[in-house]
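Inspection log for the structure reproduced underneath, given as structure tokens.
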Amino acid sequence: LSFARMRVAIHVGQLRQKVPGGIGRYTEALCREIPEFGVDLLTFAAGSVPARDGVTLPGLTDLGLPHDGARYELWHRLRRPRLPFAADVVHAPSLAVPPRSDSALVVTVHDVAFLNHPELFTRRGVSFHKAGLAIAGKEADAIITASSFVGRQLINLGFDEKSIHVIPHGVTLAPTADRSDAERRLEALGISPPFILQVGTVEPRKGVDTLIAALQRARREIPTLTLVLAGPVGWGEVAGLNAPGVRSLGLVDDALLEALYSTASVTTVASRSEGFGLPALEALAHGSPLIASDATSLPEVVAGAGILVPPDHPAAWSKAILDILTNNTFSDELRARGPKRAAMFSWEASALAHFKAYQNAIDSHSDRQRGLLP
């Protein structure tokens, strides 16, 4: 395929964070894949971006001082300072929305949980995200979101349906893992099957408290069962982290994460709110039996390849966990379903859809400049 070239500038400030998280993974994947579709890519951040293995950031511009939060406040309050380069498109992959100058503006809105569950965020976080969302509604020529669930929420908030592009995230399908090698690596950490794996920040929004309560119930039948939490501490306290059978590993590297996914008896995504749920897709790709909340975006990601359970119901989570652990046929069936479902998602397809959204944004911006759109 041939594509008309365009110059796109992507904000990569999320990669400066100690824990880039799901937005960081998304940003990295987009920067890796989008140049294949006729895009001359520029990247920018306020401050240097630490090097990461396998991550290339073409044309990286350091905007200098002020860094991060202070600059974002200026962007949101004053729409200054302007970016020091020209581009056809400026893409904000989060709600840190830079001024676009004369470029088309594209903003990715991952979720609006800060509106529906403000108690799960800091006051500053709610204020920041509200400001970014308001700017996106007023200025963006295209809005990208990873799930139809969030797309519907944005329409209900008054966003123009024609400007919204639902573009699911991708996943890199895991190579066939050497299970015995993975088990040896985990045994060195004192982790052995059977164990439940939950990947992501450890905070109230992720439903870790529900899992801990479910674990205590399940351990009445399987006393050796443990819950392994792979992710850094987020905002807000989670009770029960010192309960029997709970292991908190903190942030883990990709190799250890691969070993955990390929060895876990069950992977859970117990979140009360998700805009997509990348750990759910990663678990499916690794063939790990998956239990996820039947809330927000997760059902459209899982789509029959795992078990869906209401959030905040420890008894239901415990039952689902035990159903998998005590039924090898059912567990094997879930292991087979996962990779088939995950194969429907790729970063290449996601990048191509982003390219089309960029072109749409350029056209809309041009029409607006000529007075054809309000």
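The values are calculated or read from the model by the stated rules, or taken from the named source; none is laboratory data. Remember, predicted model here, so these are calculated numbers, not experimental data. When we count neighbours, we look across all protein chains shown, and the Cβ atoms used for this are built from the backbone with ideal geometry, even at glycine. Each accessible area value is taken on the protein alone, full model and side chains, heavy atoms only, with ligands, DNA and RNA left out. Shrake-Rupley method; radii C 1.70, N 1.55, O 1.52, S 1.80 Å.
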Based only on Cα atoms, what mean projected area does the convex hull of segment 296-346 have, in nm²? 3.9 nm²
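Within the accessible area of segment 117-263, what % is carbon and sulfur when the probe is 1.4 Å and the other protein chains stay in place?
Values: 3770 of 7240 Å².
Answer for segment 117-263 is 52 percent, counting heavy atoms of protein chains only.
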Kindly provide log₁₀ I(q)/I(0) values, in the same order as q = 0.14 Å⁻¹, from the Debye equation applied to equal alpha-carbon scatterers of the chain. -1.19
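Please compute the per residue accessible area over segment 1-89 with all protein chains in place, 1.4 Å probe, rounded to a whole number of Å². Numbers along the way, then the final one.
Values: 4510 Å² over 89 residues.
Dividing the accessible area of segment 1-89 by its residue count gives 51 Å².
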Value of relative contact order over segment 111-240, rounded to a whole percent, pairs C-alpha under 8 Å and six or more apart: 22 percent
For the pair S248 and S101, what calculated FRET efficiency results from E = 1/(1 + (r/R0)^6), where r is the Cβ-Cβ distance and R0 = 41 Å, to the nearest 0.05? 0.35
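A 28 angstrom limit on the alpha carbon distance is what I want to check against. Which of K130/K319; K206/K340; K130/K162 exceed it?
Working: K130/K319 38 Å; K206/K340 26 Å; K130/K162 22 Å.
The pairs that break the limit, which is 28 Å between Cα atoms, are K130/K319.
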Quick calc, segment 20-168, dipole around Cα centre from Cβ unit charges on Lys, Arg (+) and Asp, Glu (-), nearest 20 debye, gives 560 debye
Once the whole set of protein chains is in place, how much accessible area is left on M344, using a 1.4 Å probe, in Å² to the nearest 10? 140 Å²
By how many degrees, 0 to 90 and rounded to 10, does the Cα axis of helix 21-33 deviate from the longest principal axis of the chain? 60 degrees
Could you check the simple spin-label distance between L241 and S127, using points 7 Å along Cα→Cβ, in nm with one decimal? 2.6 nm
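What value, in deg cm²/dmol to 500, does the helix sum -39500 (n - 2.57) over DSSP H runs of n ≥ 4 give at 222 nm once divided by the residues of the chain? Write out the running numbers ahead of the final one.
Details: 13 runs with 147 residues, N = 374.
That calculation yields -12000 deg cm²/dmol at 222 nm.
Evaluated at 20 °C with a viscosity of 1.002 mPa s, what Stokes-Einstein diffusion coefficient in µm²/s does segment 1-60 have when Rh comes from the Kirkwood expression over alpha-carbon pairs? Don't skip to the answer; put the middle values down first.
On the way: Rh = 12.0 Å.
Rounded, D is 179 µm²/s.
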Taking Cα pairs under 8 Å and at least six residues apart, what relative contact order does the chain come out at, in percent? 15 percent
Relative contact order %, segment 1-152, counting alpha carbon pairs below 8 Å whose residues are six or more apart: 20 percent
Spread of Cα-to-Cα distances over 10 Å intervals beginning at zero, given as percent, for segment 230-374: 10, 31, 32, 13, 9, 4, 0
Sequence of W235, W317, W347 from largest to smallest accessible area, 1.4 Å probe: W235, W347, W317
